[in-house]
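*Asks:* Here's a structure for you.
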Amino acid sequence: MPRSQRSPLLLAGLLVTAGVAHFANPRQFDALVPSALPGKPRTWTYASGAVELALAAGVALPRTRRTAALATAAFFVGVFPANVKMAVDWRDRPAPQKAAALGRLPLQLPLVLWARNVANNGKGRA
């Protein structure tokens, strides 16, 4: 299978994994929800997990791939504040955890670019 065909499926797999994790272990995600958001953190955790699963389905299907991949890029930008909150909250944790939290920040850019690339490779497909 060519890379251009694998890439959307790998992105969908990443989204499914993250989405399922939000439901399987919501407590860890609750802690990342910025306090400025209204409502309970668990609601946001479940909502973001559901969005990730929906985006995964959209990216996996050629017919909806372009739109879903663009929405995925926007989603990755939208969850960046949670990664910032994690980096701030974990600044006093042991070095490996602090490094993981800080490492998530620059990781968002390649994720956004990956989703955008999947969208651009899906141009013209029905």
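*Asks:* Apply 1/(1 + (r/R0)^6) to the Cβ-Cβ distance of Thr64 and Asp92, taking R0 = 30 Å, and write down the FRET efficiency to the nearest 0.05.
*Replies:* For Thr64 and Asp92, the calculated efficiency is 0.10.
*Asks:* What is the calculated FRET efficiency for Lys40 to Leu113, with r their C-beta to C-beta distance and R₀ = 25 Å, to the nearest 0.05?
*Replies:* 0.15
*Asks:* By how many nm would the segment from Ala100 to Ala31 grow when fully extended, if each residue of separation counts as 0.36 nm and the alpha-carbon distance is taken off?
*Replies:* The Ala100-Ala31 span can extend by a further 23.3 nm.
*Asks:* Now for a different question. Per DSSP H run of at least 4 residues, take -39500 (n - 2.57); add these up for the chain, divide by its residues and hand me the 222 nm value, nearest 500 deg cm²/dmol.
*Replies:* Result for the chain, helices only: -26000 deg cm²/dmol.
*Asks:* Oh, and also: What accessible area per residue, rounded to a whole number of Å², is obtained for the chain using a probe radius of 1.4 Å?
*Replies:* 60
*Asks:* Angle, helix 41-60 long axis vs. longest principal axis of the chain, Cα atoms, 0 to 90°, nearest 10?
*Replies:* Approximately 20 degrees, to the nearest 10.
*Asks:* Probe 1.4 Å, all protein chains in place: accessible area of Ser48 in Å², nearest 10?
*Replies:* Approximately 30 Å² for this residue.
The values are calculated or read from the model by the stated rules, or taken from the named source; none is laboratory data. All values reported here derive from a predicted model rather than from experimental measurement. Note: ideal-geometry Cβ built from the backbone for every residue, glycine included; neighbour counts use all protein chains shown. The accessibility values were calculated without ligands, DNA or RNA, using every heavy atom of the protein model including side chains. Shrake-Rupley method; radii C 1.70, N 1.55, O 1.52, S 1.80 Å.
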